[in-house]
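Take a look at the structure set out below.
The values are calculated or read from the model by the stated rules, or taken from the named source; none is laboratory data. Model, not experiment: these values are computed from the prediction. All Cβ positions, glycine included, derive from the backbone under ideal geometry; neighbour counts span all protein chains shown.
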Amino acid sequence: PLAPLTPEQSLLAVIQRELVDLEGLYPPQLMERIEPNFLASRLTLTVGDSWQELSPKQQQTLLDALWQRAQKLSFQRLRIYDLRGELIARSPVVGQDMVIFSTP
């Protein structure tokens, strides 16, 4: 028998399901890592090299969808990194759209 999930594991499973819904619309293996920090109310995602294959419009659409889902899951901040650890996008301080630092 499987051990019951901790509250954090349950939340991580919900986050992963939310992101899998979005991944079907984009190149495979786009999301490499999901790191929630529940105490800081921050969700950190690492995207794979397929991020660079997206057009700037696709990137913005994906980021806005991720931000909406992160807020739905009660995260106040979202940060997106590439595989090299460089910050490529973050949630807005003012306004509704994610801020992109790096584009193809």
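In the list Ser55, Ser41, Ser91, which residue meets the criterion of being farther than 17 Å from Leu12 by Cβ and touching a strand residue (DSSP E or B) at 6+ places or on another chain (Cβ under 8 Å)?
Result of the check over Ser55, Ser41, Ser91: Ser91.
Quick one: what pairs do we get from segment 28-43, first residue β-branched (Val, Ile, Thr) and in a loop (DSSP other than H, G, I, E, B), second surrounded by 12 or more Cβ atoms within 10 Å (Cβ to Cβ) and modelled with pLDDT of 85 or more, C-beta under 6 Å, 6+ apart or different chains?
none
Return the total of residues in segment 32-67 being touching a Ser or Thr at 6+ places or on another chain (Cβ under 7 Å) and either surrounded by 15 or more Cβ atoms within 10 Å (Cβ to Cβ) or among the basic types (Lys, Arg) (or both).
The total comes to 4.
Within segment 50-104, which residues are acidic (Asp, Glu) and either out of contact with any Gly (no Cβ under 9 Å at 6 or more places or on another chain) or in a helix (DSSP H, G or I) (or both)?
Correct list: Glu53, Asp64, Glu86, Asp97.
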